[in-house]
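Q: Quick one: this structure, given as structure tokens, is what I'll be asking you about.
Since every read-out is calculated from the coordinates, none of them should be taken as a lab result. Because the structure is a prediction, the values reported are computed rather than measured. Glycine also receives a Cβ, built like all others from the backbone with ideal geometry; neighbour counts cover every protein chain displayed.
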Amino acid sequence: MKHFVFFAVAALGCVAPVQAGYPDASASLGATRASAGLEEIRGEERAVVTSAPHVPPPITRRHATKVLLDVEVKEHTKTLADGVTYTYWTFGDDAPGQFIRVREGDLVQTKFSNHPDNTVAHNIDFHSATGPGGGGEASFVAPGHSATFTWRAMRAGLYLYHCVAAPAGMHLANGMYGLILVEPKQGLPKVDKEFFIVQGEFYTNGAYGERGDQHFDMSKAVREQPEYVVFNGRVGALMGENALRMNVGESVRLYLGNAGPALMSSFHIVGEIFDDVYSEGGTKVNQNNVQTTVVPVGGSAMVDLVMDVPGAYQFVDHSMFRAFNKGAMGAIEVDGPLRPELFSGRQSEEIFNPGTRLQRVAAVTTSVSPATSAAPVPAPAPQAKASTADSAAVEHGKEVYAKICTTCHQPDGRGMAGVFPPLAQSDYLMHDSERAIRVLLEGLQGPITVNGQTFNGVMPNFSLTDKEIASVLSYVRTNFGNAGPAVTPSDVQRVRALLAKAESGAKDRSTASDRR
Amino acid sequence: MRLLIAAPALLLGAMGLVAEAGTANQGVRACKSASACRTREVFVPAGVYVPFFKSGSGIKAVPVEPICLSETAVTHEEFLGFVRDHPNWRKSRIKKLFAEGSYLADWQDDLTPRPETLSQPVTFVSWFAAGAYCEAAGGRLPTVAEWERFAGGSTPTSKPGTAADRGAGQGATPFAFAMGRSAPELANTALAFPGVWEWTANFNSAMVSGRIGTSEGADSSQFCGDGIRAVDPSNYGAFLRYSFRSSLRANFALKNLGFRCVREAP
Amino acid sequence: MNRAPRGLAFLAAVTLMTQVTSEPTERSVYQLDSSWVEDNGRAIRLETLEGDMQLLALIYTTCTGACPVTVKSIQMFSRNMPADIKGRIRFLLVTVDPEHDTLAILRDYRRDMKLDRRWKLLRGSPEDVRELAAVLGFNYEQIESGQFAHSNLVTVLDRRGEIVHQQNDFASDTRAVVDAIRHEGGQQGQP
């Protein structure tokens, strides 16, 4: 039976007429002859890749070639922060994966391998590839297997690559991302130094900094609330001895990526300005003199700058709590001669006391209406009747008040609602002159009630002299709608001595006991 | 649905990959109640499986027949017994169609697993080998519906890595919960998930996860579109399982992939 | 080159080959021990397909989406193949829905789709189909009664039944298929 079939097939093959019009099957993806619009591919070479933060050298060849690229996925427990480990899923055994540099027009033959020890299937999506899934479907493989596919770098620019196996957000959140630069045919403007920085998030079950082995937390990921937002895969990856090093006057290009998976980045170097920005990793400088550039999730940006002044710099995602509380911070060390003509650094330092700059005589107005709500606002009223204090002391007290007290208690003594108690018609002030002296000698903290309102702040000890205390108390107790006996320096002296004795008596006396 | 019931019965007859008939005569015992299950088996009563992915007309629960389920994955020791009795399934004899080169990679030779692994789940076994073992033991591999019913558990909590989520034994990874967690009604049984993926009879029905960008199936799976079609997109344990199944071929023999068998009523 | 001597050489080589290869090779799909029935009622085993290359697709007759496109594309291909590979390959359709696709239905399908004698339509048991699909990497799942979600994978098997080429979208570009057939044919005379 079989034989009959074979003969029949053979016979058909022998006598069938020639069919015309079928496309030439020798044309294929890797055709060496130039097809319409596509540059001719000459030769082949292995891709040069580098680990973060370094970038392969600029491409010098002037033709498109076939690039042989091997990408391997390794699942590996590594350090995320001090005392914190996490099982990363990585390209090339680190997050971010290696930086790949090819030229516009290159044919990139990618062999994608999933290490046999890995637990899940992975793949790769090159944002630089135009074709279904960016390679995601072509490269999808189980552990212990690899797949090869080829794509042509049609467009120059800086692109992210990342795993897109389901659930894709999780693969990204576990570290599966990197950058590929497709250099334009004519190359990019030359710079002295190049680095790459990729921002990414980690959603750990434990809080930021919680020690031990941490795991992916899906609910945090869906809520887009990472515990970590970091540069180059871990807290401090670009700090300390791993800070980027540059010299004054060097031109520098930073290749920036943002793998997300959720948060856009506002990239800023504290104390520097980007001279040229290639927004979103395109090939055109479309802005100059930029302080902070956006790096979209799943996108990139390139910035060119020159470090002008030596010293230690930080760069951040300017969403500030990410920088300070989640790890989105890195460092740049710039060496070189000082440039005092550009930035002086600290030139001088002095005490600043705003009291000296305010008006010495405040026009005080007071009201006789009772305090029914927060901090009574005194309405215009005649000056309180004179007390037995002599006018010289009161005048002196007025000066002291203007210098020390107005900042908080205000020129009219009304204070600030909920924050600084009023002195105007203040029951607390007038109730007990010894207590008033004590407050000025020791300061005051803890909850108090003034005119029916509670205040719980801190009043510092201003280290005033007996005379100053007496004067200012005399002043406030005979002004601002208050009418009460003045205070003399000897009163102050007496209280001071009492306090000293009480202190040495080894019993703390809290002013809380003065609460009404 | 008839397919699901008919298939296993026919499987026993038609899956004639094993020449020797001796062990097959242990017989398929009726398994309509717990008492019909052997020792070290768990009775899984009839139930439903809600598929992870919405089908064309929405969410459709699939009825699952009662089965007797092995308490845990097949061990190296048990598999050794099988290849002793069925030489065609030994490492040196097996054909590439039925198992790739890594078949029993961690065994020293045809009949020598590493001693310290004897009671641990056997891995580096292909779908064919797993199916042949189950047939020889009077059973078959569970279907995806059956497996997800008894081992899909509930949606993983936001805190994996707790003792309840970690599989015991070798191969426990941070995602051990994805590798199996008892359905709530089986929580008090001896059902164990020792931290390996498990073969299913129709693993190649999981075609949507991971096939990013192809126009496959009655509904096209678009780029990262799986999440849109999943009934519960936050159940990333299920995503991992379906994605993993999608990447498999029948002759794959992987480090983290083992199996267990089920038996059901004829 | 003169056609006739080439044809005879081919016949001789093929005859030789079929007599030498009585056992399927290690990777041959024909090692599967399953039994199938053609739409004309004849029972066959996979190893009887040896000796011809096969272009294989899994379909079901009530499929209204991808299957008709695939089948028609293969048909168009079968009519427009380059002369030098014409006749080297046969066409094989296997139904994933044996419950519905009886032999009578398959015969109607053959007639409606105008499939000539180079085509075989096969029906087997559900788990034989599952097994064959698993070997090919063809994924499918019944989602409703009579409705399946499935890949569009088309497979080229060489004369020994080993997979030499697969592609997901047969309609758009068949150049790789032609290459695979041509390359296989280039091994004439070598067992």
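Q: Could you grab the relative contact order for region A:43-335? Cα pairs under 8 Å, six or more apart, rounded to a whole percent. Please list the in-between numbers first.
A: Details: 867 pairs, mean separation 47.9, N = 293.
Relative contact order comes out at 16 percent.
Q: May I ask you to order B:99-112, A:107-120, A:436-449 by the average number of other C-beta atoms within 10 Å around their residues, highest value first?
A: Ranking, from highest mean packing down: A:107-120, A:436-449, B:99-112.
Q: Starting from the Cα coordinates of region A:196-292, work out the convex hull volume and express it per residue in Å³. Write down the numbers at each step before the final one.
A: Details: hull volume 11.8 nm³, N = 97.
Taking the convex hull of the Cα positions in region A:196-292, it is 122 Å³ per residue.
Q: Another question, if that's okay. Check which residues have an amide H placed less than 5 Å from A:TYR255's amide H, if you skip close sequence neighbours.
A: Under 5 Å from the amide H of A:TYR255 lie the amide H atoms of A:PHE195, A:PHE196, A:ILE197, each far enough along the sequence or on another chain.
Q: Quick one: P(r) of region B:41-109 from all Cα-Cα pairs, 5 Å bins, percents rounded to integers, in order of increasing distance.
A: Distribution as computed: 3, 12, 14, 14, 10, 10, 14, 13, 7, 2, 0 percent.
Q: Enumerate the aspartates and glutamates that A:LYS284 could reach by cross-link, defined here as Cα to Cα under 15 Å, with residues fewer than 8 away along the same chain left out.
A: A:GLU104, A:GLU183, A:ASP275, A:ASP276, A:ASP304
Q: Moving on. Counting other beta carbons within 10 Å of each residue's own, what order do A:ARG46, A:ARG245, C:ARG130 fall into, fewest first? Before the final figure, lay out each step's value.
A: Values: A:ARG46 9, A:ARG245 14, C:ARG130 24.
In increasing order of surrounding Cβ atoms, one gets A:ARG46, A:ARG245, C:ARG130.
Q: Another one. Need one value for C:173-180: mean number of C-beta atoms belonging to other chains within 10 Å of its residues' C-beta atoms.
A: Averaged over the peptide's residues, the number is 3.
Q: Moving on. With just the Cα atoms of region A:247-356, tell me how far they stretch along each of the three principal axes, in Å, largest first.
A: Principal axes ranked by extent give 53, 33, 22 Å for the Cα atoms.
Q: Per-residue Cβ counts within 10 Å, from other chains only, averaged over A:278-290: what number is that?
A: The mean count of partner-chain Cβ atoms within 10 Å per residue comes to 0.
Q: On average, how many beta carbons from a partner chain sit within 10 Å of the beta carbon of a residue in A:58-71?
A: 0
Q: Stick to the Cα atoms of region C:3-185, pair each with every other, and give me the Kirkwood hydrodynamic radius in Å at one decimal.
A: Values: mean 1/r = 0.0592 Å⁻¹.
It is 16.9 Å.
Q: What is the distance in Å between the Cα centres of region A:165-220 and region B:130-148?
A: Using only Cα atoms, the two centres lie 41 Å from each other.
Q: Provide the per-residue ³J(HN,Hα) series for region A:476-487, in order, calculated from phi with Karplus coefficients 6.51, -1.76, 1.60 and θ = phi - 60°, each as a whole number of Hz, with x at glycine and proline positions.
A: Rounded to whole hertz, the list is 5, 7, 10, 9, 6, x, 8, 9, x, x, 6, 10.
Q: Tell me which trypsin sites (Lys or Arg not before Pro) from region A:263-363 have a DSSP coil assignment and no more than 13 other beta carbons within 10 Å of their own.
A: A:LYS284, A:ARG346, A:ARG360
Q: Also: Which pairs break 32 Å Cα to Cα here: B:LYS96/C:LYS86; B:LYS95/C:LYS114; A:LYS74/C:LYS72; A:LYS190/A:LYS220; B:LYS95/C:LYS120?
A: Pairs exceeding the cut-off: B:LYS95/C:LYS114; A:LYS74/C:LYS72; A:LYS190/A:LYS220.
Q: Starting from the coordinates of the alpha-carbon atoms of region A:43-335, obtain the Kirkwood hydrodynamic radius over all distinct pairs and give the value in Å to one decimal.
A: The Cα-based Kirkwood calculation yields 19.1 Å.
Q: Moving on to the next point. Given H placed 1.01 Å from N in the peptide plane, which residues other than close sequence neighbours of C:PHE148 have an amide H under 5 Å from its amide H?
A: C:ILE143
Q: Tally Lys and Arg at +1 and Asp and Glu at -1 over the other residues with C-beta under 10 Å from the C-beta of A:PHE195: what net charge comes out?
A: +2
Q: For region A:304-309, just list the computed ³J(HN,Hα) in residue order, Karplus coefficients 6.51, -1.76 and 1.60, θ = phi - 60°, integers in Hz, with x standing in for Gly and Pro.
A: For region A:304-309, the Karplus-derived couplings read 10, 8, 10, 7, 9, 10 Hz, x marking Gly and Pro.
Q: Would you mind checking which residues have amide H under 5 Å from C:ILE44's amide H? H placed 1.01 Å from N; only 5 or more apart, or other chain.
A: Counting only residues 5 or more places away or on other chains, the set is C:TRP36, C:VAL37, C:GLU38.
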